[in-house]
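Below: the structure, in structure tokens.
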Amino acid sequence: LASRASPADAARTFQLTLLRRALPKAPLPTLPEFDTLFRHDRIAEADAQVTIIIPLHNYEAHILDALESARHQTLAALDLIVIDDASTDGSAALAETWLAAHHARFRRAILLRNRANAHLGPTRNLGFDQAETPYVLPLDADNRLRPAACERLLAAIAPTDAAFVHPLIQTFGERSEVLGRHPYTPNRLVGANTIDAMALIARAAWAEAGGYDDVQYGWEDYDLWCRFAERGLAGLHLADILADYRTHPNSMIHADTEQPDQRRALIADMESRHPWLRLTGRR
């Protein structure tokens, strides 16, 4: 393939290879201390390729919808890990009761609880760390997967060496629109995040990039996509609606990310982390 590349393409490939090698090795992902509340493990009986991880914090009103969407996946061999981030409502108890009733659907069904509130990035890291599959799909506790999500995303990424594949996502609740319409290119990250967290991610790529960081006020996923791009890790786009994103006043985006002062601080932080971003027009 290299012999058929144009001289300009070959030069750019060589330049990018040198730049990637010059990047410092990513630190190990930050992991919170935790306890195991429920564990069902048949890891020796099947060969699953995908783990759904659900970070959970004070979403007792929505967690059962997310869990049911995992249960109804058409992909037969599937793992599920729920990580309660020190909820103060009944979220963990609801998840434990549900897992006790439906654990047989999964090869592995696990409920972990952080000993202290660790925030979204480290909580997702714990799910990735505990997964025993090559691919992981983060599902926030107020969202839902459509039945074919894991099967279709796995079919798209498995024959490739891509770091992730993301689908179209339908919003519901306060507004209705389709997210993630554009094919993935790293250039699209320069001005805004165009990829939701509900993407199927190669666990090896997550580890290479150092996992999610604890980004104050949100955008942990945006930061991870940027670090993938900086390391030359490719992404894929699947133009099928495979997930539903709930818009509601209690979401993290409403409560934290979109608050003006917090948004300005978040933009400044992201531009400091990734100087090639140009988010000033969105202040």
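The values are calculated or read from the model by the stated rules, or taken from the named source; none is laboratory data. Quantities reported herein were computed from a predicted structural model and do not represent experimental measurements. Neighbour counts are summed over all protein chains in view; Cβ atoms, including those assigned to glycine, are modelled from backbone coordinates with ideal geometry.
Is it true that some residue in segment 239-252 is at pLDDT below 95, surrounded by 19 or more Cβ atoms within 10 Å (Cβ to Cβ) and within 29 Å of residue 72 (Cα to Cα)? Yes, that holds for at least one residue. Please verify whether residue 146 is within 17 Å of residue 238 (Cα to Cα) and among the charged types (D, E, K, R), treating the condition exactly as stated. Answer is yes for this residue.
Quick one: would you say residue 68 is within 22 Å of residue 147 (Cβ to Cβ), at pLDDT 95 or above and assigned to a helix (DSSP H, G or I)? When the stated conditions are applied, residue 68 passes them.
Identify, from the list 97, 74, 51, the residue that is in contact (Cβ under 8 Å) with a residue 12 or more places away in the chain and surrounded by fewer than 16 Cβ atoms within 10 Å (Cβ to Cβ). Break it down stepwise before answering.
On the way: 97 fails: in contact (Cβ under 8 Å) with a residue 12 or more places away in the chain; 51 fails: surrounded by fewer than 16 Cβ atoms within 10 Å (Cβ to Cβ).
The match here is 74.
For every residue, the table says whether it meets (1) out of contact with any Pro (no Cβ under 8 Å at 6 or more places or on another chain); (2) on the phi > 0 side of the Ramachandran plot; (3) not in a loop (DSSP other than H, G, I, E, B).
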{"site": "213", "(1), (2), (3)": "yes, no, no"}
{"site": "217", "(1), (2), (3)": "yes, yes, no"}
{"site": "228", "(1), (2), (3)": "yes, no, yes"}
{"site": "238", "(1), (2), (3)": "no, no, yes"}
{"site": "241", "(1), (2), (3)": "no, no, yes"}
{"site": "246", "(1), (2), (3)": "yes, no, yes"}
